[in-house]
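Notes for the one structure printed next.
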Amino acid sequence: MSGSAITPWVVGNWKMNPMRADAKQLVQELKQLLQDHVIDESQCHIGVAPISLALSNVQAQLSAGNRTVYTVAQDLSRIAGTGAYTGEISAELLKDSGIDFVLVGHSERREIFGDSPAIVNEKVKNAIDAGLTVIYCVGESLEQRENGQAEQTVLQQICDIASVVQADQWERVVVAYEPIWAIGTGKTASPADAQAMHAKIREGLSQITPMGQSMAILYGGSVKPENAVELAACPDINGALVGGASLNAESFYKIAHAFANTK
Ligand code: PGA
């Protein structure tokens, strides 16, 4: 399977947003758009990642829609199971609440909350072992890019998790390439630069697992309706992880529509 034959994923990362009433309205508007202008599941998988407190509510609200929209957790504990770990939510507890997807290794977790490669590995392992699908985020800083270390940094992040993902588990890993300098800044990697990195990531994945050829590799970092078509046209960009623009139902819908129709 070539990169462009993969069903794209468009996932909205709501981060620490929005207030409850706004979240309810956002989901309602998204459902309405998907009802009025259908995007078939076979054309694009769609997911949203609300704050953990809202996972169940959002999931219940989405379940009444005319197509599947997955509810995705933004993070999970590095501790598995249950126990005396104040404030934590394990992979098993997410799964028990009907959540099947989780982001791991987002640069905000790595940079602000100290998620080191070792911690990220524990989270990936716990999530995969509990039966979740992981959206594994990688990406270089501006400094690393300017020093010519972008590719090496990202490929190292891919290699990092190879020790915890078993051969038959790679089908439950989706990679999201998010150059840190493009997140929330309005700056997007050019489609050519993004495609070049995605091709390198696919090459790296393919050296680890034969599934590398069929894995979805999403782009993230200031994706918006205005740049979605160009990004979607790149053969190894199999979807988008969308932050800011996912807080507006119409923008998010348009991005999903771009990927569904360009792929
Ligand atoms: P952004 O965020 O779209 O607001 O740049 C993307 C992300 O952090 O996942």
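The values are calculated or read from the model by the stated rules, or taken from the named source; none is laboratory data. Owing to the predicted nature of the structure, the values given are computational and were not obtained by experimental measurement. Note: ideal-geometry Cβ built from the backbone for every residue, glycine included; neighbour counts use all protein chains shown. Areas reflect the complete protein model, heavy atoms only, side chains present, ligands, DNA and RNA absent. Shrake-Rupley method; radii C 1.70, N 1.55, O 1.52, S 1.80 Å.
Quick look at the numbers
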read-out	value
Unmet criterion (only one of (1) out of contact with any Leu (no Cβ under 9 Å at 6 or more places or on another chain); (2) open to solvent by 40 Å² or more (accessible area, probe 1.4 Å); (3) under 24 Å from Gln149 (Cβ atoms)) for Glu203	(1)
First in the stretch 87-103 and within 13 Å of Ala49 (Cα to Cα) and at pLDDT 95 or above, second anywhere and open to solvent by 30 Å² or more (accessible area, probe 1.4 Å) and among the polar types (S, T, N, Q), Cβ under 6 Å, 6 or more apart	Leu103/Gln74
Residue check, Leu231 crowded, with 22+ Cβ neighbours inside 10 Å, at pLDDT 95 or above and within 21 Å of Ala127 (Cβ to Cβ)	no
Members of the stretch 149-166 that are open to solvent by 40 Å² or more (accessible area, probe 1.4 Å), part of a loop (DSSP other than H, G, I, E, B) and closer than 17 Å to Met211 by Cα	Gln166
Single match in Glu171, Glu146, Glu122, Glu140 (criterion: at pLDDT below 95 and either over 20 Å from Val242 (Cα atoms) or surrounded by 23 or more Cβ atoms within 10 Å (Cβ to Cβ) (or both))	Glu146
Of all residues in the stretch 175-188 being within 11 Å of the ligand (Cβ to nearest atom) and of a type in the set (Val, Ile, Thr), the one that is farthest from Val154 (Cα to Cα)	Thr185
Number of positions in the stretch 198-221 that are in contact with a helix residue (DSSP H, G or I) (Cβ under 7 Å, 6 or more places away or on another chain) and either at negative phi or hydrophobic (A, V, I, L, M, F, W, C) (or both)	14
Complete set of residues in the stretch 174-200 that are surrounded by 15 or more Cβ atoms within 10 Å (Cβ to Cβ), of a type in the set (Val, Ile, Thr) and out of contact with any strand residue (DSSP E or B) (no Cβ under 6 Å at 6 or more places or on another chain)	Ile180, Ile183, Thr188
Every residue from the stretch 189-243 that is free of Cβ contacts under 8 Å to residues at least 60 places away in the same chain, charged (D, E, K, R) and away from the ligand (no atom under 15 Å from the Cβ)	Asp193, Lys200, Glu203, Glu230
Residue in the stretch 117-124 that is of a type in the set (D, E, K, R) and in contact with an Asp or Glu (Cβ under 8 Å, 6 or more places away or on another chain) present	yes
Within the stretch 106-128, tally of residues that are within 16 Å of the ligand (Cβ to nearest atom), more than 13 Å from Ala73 (Cβ to Cβ) and part of a loop (DSSP other than H, G, I, E, B)	2
All positions within the stretch 33-57 that are in a helix (DSSP H, G or I) and open to solvent by less than 80 Å² (accessible area, probe 1.4 Å)	Leu33, Leu34, Ser52, Ala54, Leu55, Ser56
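Residues are listed down the side, and each one gets a yes or a no for (1) over 15 Å from the mean Cα position of the chain (by Cα); (2) among the hydrophobic types (A, V, I, L, M, F, W, C):
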residue	(1), (2)
Lys200	yes, no
Ile208	yes, yes
Met215	no, yes
Tyr219	no, no
Pro225	yes, no
Ala233	yes, yes
Gly239	no, no
Ala258	yes, yes
